[in-house]
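Heads up: the structure comes next, in structure tokens.
The values are calculated or read from the model by the stated rules, or taken from the named source; none is laboratory data. Just so we're clear, the structure is a prediction, and the values are computed from it rather than from any experiment. All Cβ positions, glycine included, derive from the backbone under ideal geometry; neighbour counts span all protein chains shown. Remember, those area values only see protein heavy atoms, side chains included, never the ligands or the DNA or RNA. Shrake-Rupley method; radii C 1.70, N 1.55, O 1.52, S 1.80 Å.
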Amino acid sequence: MNPEEPIQRHFNSAVCRPFDTPSTWYEAVYREAGNESNKVPWARQTNQPLLLPWLELRQELAAENRRTLVVGCGLGDDAETLAHRLPHVTAFDISPRAIAWCRQRFPASRVAYQVADLLDLPEDFRQAFDLVYEALTIQSLPPNLHAGAIAAIADCVAPGGILLLMCYGRDPEEPTDGPPWHLARSELDLFLQHGLQEVCFQEHMIAGVRRFLVEYRKA
């Protein structure tokens, strides 16, 4: 499947529910979808289109014994892409149904899939990962939760480690009405308050949607 092609989506009434708490909202979406991925608005059954080009430029990562964390893994496509190139990949999602679906789709996977809450992560995630990969998770949360999500993601990056972030972008003055709630670059600057340095910022237009790719490193 070409990741730039639109996907025919079927109605999922859970998506229209008021966003109450992340745990109940996401679980409702996955459960109502059954086993039909086209009823999950963000599921593409392929990796994010900017991920493979970034990995091609970072081939040295495969030669190192790095631990990788995938934030909000959804149905696992990006986690599996990373696991084909990197030795130790952990991927989590707040939805038990999503994690069960990942294990069903990839029964022989090397990825360590687990249920976890981004805003209440296990203690052993702290500064434990050499590469943290976050794609489209922060923007799926209401804006009042963004600062907490950013702090939690930054805390997972080990000293000297990399955070690779992908999101839908907007200008600071541009309104956003989600989900998803597109992110302004100024909002991403909150990562700089948590020991990270921006080393690469890219802006892309894919299928009519403005996207940011940002690479950070922790000193």
message: Anything in segment 77-129 that is in a helix (DSSP H, G or I), under 25 Å from Glu56 (Cβ atoms) and charged (D, E, K, R)? List them, or say none.
response: Asp77, Asp78, Glu80, Arg105
query: Is segment 174-195 home to any residue that is open to solvent by less than 50 Å² (accessible area, probe 1.4 Å), out of contact with any Phe, Trp or Tyr (no Cβ under 7 Å at 6 or more places or on another chain) and within 22 Å of Ser95 (Cα to Cα)?
result: yes
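Hey, does segment 52-66 have a residue that's closer than 13 Å to Cys102 by Cα, crowded, with 16+ Cβ neighbours inside 10 Å and under 17 Å from the mean Cα position of the chain (by Cα)?
So the first thing to find is which residues in segment 52-66 are closer than 13 Å to Cys102 by Cα, and the list is none.
No, every residue in segment 52-66 fails to be closer than 13 Å to Cys102 by Cα, crowded, with 16+ Cβ neighbours inside 10 Å and under 17 Å from the mean Cα position of the chain (by Cα).
Please find, among Ala112, Ala83, the residue that is in contact with a strand residue (DSSP E or B) (Cβ under 6 Å, 6 or more places away or on another chain) and open to solvent by 30 Å² or more (accessible area, probe 1.4 Å). Even if it seems obvious, please write down each step before you answer.
Details: Ala83 fails: open to solvent by 30 Å² or more (accessible area, probe 1.4 Å).
One residue alone meets the criteria, Ala112.
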message: Take the conditions modelled with pLDDT of 80 or more, more than 19 Å from Val132 (Cβ to Cβ), among the β-branched types (Val, Ile, Thr) and not in a helix (DSSP H, G or I) and apply them to Thr46. Does it pass?
response: yes
message: Where the second residue is surrounded by 15 or more Cβ atoms within 10 Å (Cβ to Cβ) and part of a loop (DSSP other than H, G, I, E, B) and the first is at negative phi and without any contact (Cβ under 8 Å) to a residue 12 or more places away in the chain and lies in segment 93-117, which pairs have Cβ atoms under 8 Å and are six or more apart or on separate chains?
response: Arg103/Ser109
